[in-house]
Amino acid sequence: MSVDFKFLEGKKILVTGGAGFIGSNLIEKLLSLKAQVTCLDNFATGKRENIEPFFANPDFTLIEGDIRDLEMCRRACEEQEYVLHQAALGSVPRSINDPITSNDVNVGGFLNMLVAAKDMGVKRMVYAASSSTYGDSAALPKTEEKIGKPLSPYAITKYVNELYADVFKKTYDFDTIGLRYFNVFGKRQDPNGPYAAVIPKFVQLLISHQSPVINGGGEYSRDFTYIDNVVQMNLLAVTSSDEAALNEVYNVACGDRTTLNDLLDYLKEYLSGYDERIRDIRAEYGPYRKGDVAHSLASIEKAEKLLGYIPQYTVKEGLKEAVSWYWENLK
């Protein structure tokens with residue numbers, strides 16, 4: 001299945017959470033394809049420096065606002081053809097510490113965006129779902145049709161998004177596509193703060209010759225997914241003209257799993273090419289985290305069949321690209 005992303009030239013596309021890690025990478029790609037991009041962000045977790053390179057581009061517009069404000073969502077959706085909804089409060093631990101705010105943003109804000117997109121005549125909304133939706137299901141690999149019970153407030157919010165999207169198709173004939181992201185990593189991912197993702201956090205510690213702390217014994221595994229694969233899936237979801245592909249949820253992953261111990265070994269190997277001392281750093285081991293899923297591995301067959309998705313980067317290829325960027329930007 002060949003896809004021509006030239007279709008996006010001149011298209012008006014809203015990216016919510018566009019100042020965040022994933023959102024800013026999406027905007028960068030869309031602008032390179034000459035789309036007209038609007039970013040909606042309240043900078044709660046997104047960073048202005050992520051989008052500063054775009055300010056001089058006449059095809060880029062920034063709206064500073066909160067998805068918890070319905071009228072702001074309507075304003076942002078005016079004249080937009082497509083919405084890529086990335087805005088959310090991520091992190092399982094964050095949701096455990098503050099379930100109210102996670103629900104307000106991830107459920108209330110999501111519903112606002114659905115209503116606004118529908119009311120403003122948007123053609124399609126592609127939204128960030130989550131692999132956390134698989135919950136306590138022990139089945140591997142994870143297939144879209146079989147999920148378990150959620151293990152955290154965050155997981156509940158992302159599952160509710162999928163339910164709302166399904167209802168909006170049945171009730172209002174509004175088209176959506178949900179993308180269940182599996183442990184995304186890459187450039188612009190923030191290594192700082194209590195809810196930082198594992199890869200940039202490990203890299204920053206290794207660069208400063210500190211020992212990363214691995215929760216548990218290090219044998220928990222994840223389907224780590226490089227950012228360019230995620231951008232690719234979003235573009236496929238926007239451009240698909242196949243009715244059978246719409247109003248579905250898809251895994252966004254590599255279809256491969258890596259233990260945390262192996263992940264650390266890869267990072268040490270690649271970073272030692274810049275600083276040989278990093279090779280000898282050893283991990284420390286801490287307790288397991290509440291709400292953590294033991295193993296995560298995605299089936300990507302559905303995305304391959306209906307969207308033509310073939311990951312551009314393996315985990316190791318993505319880590320090499322990411323380490324190169326981190327070395328230049330985190331030192």
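The values are calculated or read from the model by the stated rules, or taken from the named source; none is laboratory data. Just so it is clear, the structure is predicted and the values come from calculations on it, not from any experiment. Please note: Cβ atoms are built from the backbone with ideal geometry, for glycine as well, and neighbour counts cover all protein chains shown. Note: accessible area is taken over every heavy atom of the protein model, side chains too, but ligands, DNA and RNA are not part of it. Shrake-Rupley method; radii C 1.70, N 1.55, O 1.52, S 1.80 Å.
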S102 vs (1) more than 30 Å from A294 (Cα to Cα); (2) under 20 Å from the mean Cα position of the chain (by Cα): all pass except (1)
Filter result (in contact with a helix residue (DSSP H, G or I) (Cβ under 7 Å, 6 or more places away or on another chain) and not hydrophobic (A, V, I, L, M, F, W, C)) within region 47-72 = N50, N57, D59, G65, D66, R68
Hey, any hits in region 187-209 for a residue that's of a type in the set (G, A, S), in contact with a Ser or Thr (Cβ under 7 Å, 6 or more places away or on another chain) and closer than 26 Å to E162 by Cβ?
-> no
Selection from region 249-285 of residues closer than 26 Å to K149 by Cβ and either part of a strand (DSSP E or B) or in contact with a Cys (Cβ under 7 Å, 6 or more places away or on another chain) (or both) yields V249, Y250, N251, V252, T258, T259
Of the residues in region 48-94, those that are out of contact with any Gly (no Cβ under 7 Å at 6 or more places or on another chain), small (G, A, S) and modelled with pLDDT of 95 or more come to A56, G65
So which residues in region 275-331 are open to solvent by 30 Å² or more (accessible area, probe 1.4 Å) and of a type in the set (D, E), if there are any at all?
-> E276, D280, E284, D292, E301, E304, E317, E321, E328
Filtering region 165-205 for residues that are among the hydroxyl-bearing types (S, T, Y), in a helix (DSSP H, G or I) and either buried (at least 17 other Cβ atoms within 10 Å of the Cβ) or without any contact (Cβ under 8 Å) to a residue 40 or more places away in the chain (or both) leaves a count of 1
Checking T259 against (1) more than 16 Å from the chain's Cα centre (by Cα); (2) under 24 Å from Y164 (Cβ atoms); (3) modelled with pLDDT of 95 or more; (4) β-branched (V, I, T), which test does it fail?
-> (2)
Output the residues belonging to region 120-165 that are among the charged types (D, E, K, R), farther than 17 Å from D292 by Cβ and either in contact with a strand residue (DSSP E or B) (Cβ under 7 Å, 6 or more places away or on another chain) or modelled with pLDDT under 95 (or both).
-> K123, R124, E144, E162
